[in-house]
Amino acid sequence: MTDFETVVVETDVLILGGGMAACGAAVEAAYWGKKEGLKVTLVDKAAMDRSGAVAMGLSAINQYVGLKDGQNTMKDYVDYVRNDLMGITREDLVANIARHVDSSVHLFEKWGLPIWKDKDGGYVHEGRWQLMINGESYKIIVAEAAKNALGTDNIYERVFITGPLLDGDRCSGAVGFSTRENKFYVFKAKATLASMGGAVGVFKPRSSGEGAGRAWYPPFNSGASAYFTLKAGAEMTCQEVRFIPVRFKDAYGPVGAWFLLFKSRATNSLGENYMETRRPELENWAPYGKVKPVPANLRNWLMMLDVMEGKGPIYMRTEEAIAKLAEAYKDDPKGYKKKMKELENEAWEDFLDMTISQAMLWAATNTQPEEKSSEIAAAEPYFIGSHSGASGAWVSGPKDIAPDEYFWGYDNMTTVKGLFAAGDASGASSHKFSSGSHAEGRIAGKAICKFVKENNTACAYDEGAIEEAKKAALKPLSQYADNQHLSSQADINPAYIQPKMFMMRLQKMMDEYAGGVTAQFTTSKANLEKCLELLGMLKEDSANLGAKDLHDLMRAWENTHRMYQAEAHVRSILFREETRWPGYYFRSDMPKMDDANWKCFVNCTMDPKSEEWTMKKVDVKTVF
Ligand code: SFD
Ligand code: AMP
């Protein structure tokens, strides 16, 4: 495209994404980079104030260890995560985040985030590891600190990163395009941090036309981290470990505060609590079925068994929980009224702070939580390594904790020189959430400066390859413009496929063959092989994506990114010949857990040029 200006930005450190991990990295890299005179640049596809998963705000900080107060130890947190992930976790990475996360939380508070306090001035805990916050403006507060640290001249907003630049075995930057102006960006960097979140929209959502696009995970995160790291040749891990959140049905309101703070039960239509009636099922998943709390996927699974037996709908018993909490005030009518008001406020604020649409649905359906239960359901699968899933890049652990096999020089560096990953982008270190992702970003931000200091050589750039990357990035625009005349209707054309159609095709095959909602999260070898066949054809057609404008161009690339995330996922489920995380996915042909053969990581690599995949098992090492 001749009318697209090429803008070249040269920097030492490049941070991709503007979410929790990127903001943490920005603060730390600005500090360590200043000492070395390094330039640090950040690129976000959106506006940092409201980008990523925390866009709408959050009502809780889900990782706070309380190390200094002696509330918990690093090992306690590692034990919790290992159990929740059915034994498969990188203990060194989890511990590294656990020992740094509290300081991120203290920074948030210093920057202005209101954290709930009890009458003695202590934090109000939602559960053992979670703190309640007034978090509607959480992201704005965290982004402000990052912006102040970097300076706005070093921040590029509304620039969509399409893929990596490589100098032999080293990552040498990234390319992308502006979503507002006809500009193609080339970021030349000595080291790059991938922190562009996880992926939504790979599977068909429960919502259909009336609410298309509604999902639990933010629609902005579409697999850019997975694509970027795969295309750089980085080893990936836990690509099979998707996350299925159970949420208030149809608007995806969070359940954590109800289960943990309000101590609510969820029951089926017969009033039975599946966590009690289905308890014997947990024996089948021992030893993890026997731990406390019951792992998230097994909690899902017990609920799904009820649903599959036709015992749904499943209800969060909000009215019962509120009545129980107010019971102690029964003999004092004034106190009772005050307590009920307080509980009602807390219930609504939980949603208003992080999932406004759920509060709207309550209003629209005349739901008063103190009077009426609300339905909950398992959502479609997402890729979010920072929550209770685990997918992401395989990164180096910290020197003082990591076993030799897990350490190769710099914290959070992927297997590609100069390419780092944090937050949803780094794998096998679940349960970092917003605070832990910020802490991990800070860890990576410091390490990336160390890398540049010790490898402070300019990378080589193949200008021909950059021109090719520009052509490829913008191709959907010409594919549309050159062929639009071939049909009278813009969305049907023999020469191009529109991003929306492409996405629906991807979502349908993943839903039906790779264990989405329609298949009740169940799949098998035969289904996965069929899915790979269809994905292969979809990949062929991705060369003919058509985009009518810059917005559509972004949509086209989002779906290309999703497609690679999908392939990594399908290949990994196929490779792992067992069912380890029922409630996330179930292999009907391999319905049992097989600790003897599969208590290991499944890692994969894609050759960036030939796009051939290599799958392997990697040992799970116990550190604690
Ligand atoms: O309870 C490109 N999470 C919660 N964490 C908590 O601590 N408490 C909660 O209450 C949480 N809840 C919750 C959470 C997530 C979601 C979606 C909901 C509710 C509805 C989890 C955290 O939010 C999550 O762990 C972190 O945000 C992860 O951080 P990070 O940095 O890995 O991802 P990000 O913040 O989403 O940021 C991604 C950034 O990348 C940008 N981006 N930039 C350039 N080019 C591209 N191609 C790009 N693609 C993406 C994005 O714009 C963004 O800046 S609860 O319900 O669980
Ligand atoms: P959620 O709102 O489901 O994202 O949950 C927020 C936090 O509470 C996460 O750390 C969850 O793992 C945890 N959580 C949610 N429900 C339960 C439960 N029933 N038992 C234990 N922990 C839970």
The aspartates and glutamates whose Cα lies under 15 Å from the Cα of Lys592, excluding any fewer than 8 residues away in the same chain, are Glu281, Glu283, Glu577, Glu578
Quick shape check on the range 246-378: root eigenvalues a ≥ b ≥ c of the Cα gyration tensor, a/c under 1.5 is rounded, otherwise prolate if a/b tops b/c, else oblate, and it reads prolate
Here, Ala364 and Asp120, labelled 7 Å along Cα→Cβ, have an inter-label distance in nm of 4.4 nm
Heads up, the range 325-482 by the C-alpha gyration tensor (a ≥ b ≥ c square roots of eigenvalues; a/c under 1.5 rounded, else a/b over b/c prolate, else oblate) looks oblate
In this structure, the FRET efficiency calculated for Asp153 and Lys35 from their beta-carbon separation, with R0 = 25 Å, to the nearest 0.05, is 0.80
Residue separation between Ala458 and Lys338 times 0.36 nm, minus their alpha-carbon distance, gives in nm 36.7 nm
Expected sort for 87-99, 152-164 on mean C-beta neighbours within 10 Å, highest first, is 87-99, 152-164
Among GluC sites (Glu not before Pro) in the range 370-433, those in a DSSP loop whose Cβ has at most 13 other Cβ atoms within 10 Å are Glu371
Note, the range 192-200: 3J(HN,Hα) by Karplus (6.51, -1.76, 1.60, θ = phi - 60°), whole Hz, Gly/Pro = x, goes 10, 10, 8, 8, 9, x, x, 9, 10
Scoring the chain by relative contact order with C-alpha pairs under 8 Å, at least six apart, yields a percentage of 21 percent
Dividing the helical contributions, -39500 (n - 2.57) per DSSP H run of n ≥ 4, by the residues of the chain yields a 222 nm value, nearest 500 deg cm²/dmol, of -12000 deg cm²/dmol
The local net charge around Glu309, scoring Lys/Arg +1 and Asp/Glu -1 for residues other than Glu309 whose Cβ lies under 14 Å from its Cβ, equals -1
Output for the range 515-623: chymotrypsin sites (Phe, Trp or Tyr not before Pro) sitting in coil per DSSP, at most 10 other Cβ within 10 Å, listed by number, reads none
One would report the antiparallel percent of DSSP beta bridges in the chain, rounded to the nearest 5, as 65 percent
A student applying the Cα gyration tensor rule (rounded when a/c is under 1.5; otherwise prolate if a/b is larger than b/c, oblate if not) would label the range 413-497 oblate
Around Gly213 (Cβ within 14 Å, Cβ-to-Cβ, excluding Gly213; K/R +1, D/E -1) the net charge comes to +2
For Ser487, placing the label point 7 angstrom along Cα-to-beta-carbon and taking the range 541-568, residues whose amide nitrogen sits under 15 Å are 541-542, 544-548
The simple spin-label model distance between Asp607 and Ala286, using points 7 Å out along Cα→Cβ, in nm, is 4.7 nm
Here, trypsin sites (Lys or Arg not before Pro) of the range 575-624 satisfying both criteria (DSSP loop; at most 13 other Cβ within 10 Å) are Lys592, Lys609
For the pair Tyr329 and Ser478, the simple spin-label estimate (label points 7 Å beyond Cα toward Cβ) gives in nm 6.8 nm
Expected unfolding gain across Ala596-Glu210 under the 0.36 nm per residue rule, minus the alpha-carbon gap, is 134.3 nm
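No lab work stands behind these numbers, since they all come straight from the coordinates. Quick caveat: nothing in here was measured; it's all calculated off a predicted structure. Methodologically, a virtual Cβ is constructed for each residue, glycine included, from the backbone with ideal geometry; neighbour enumeration extends over all protein chains shown.
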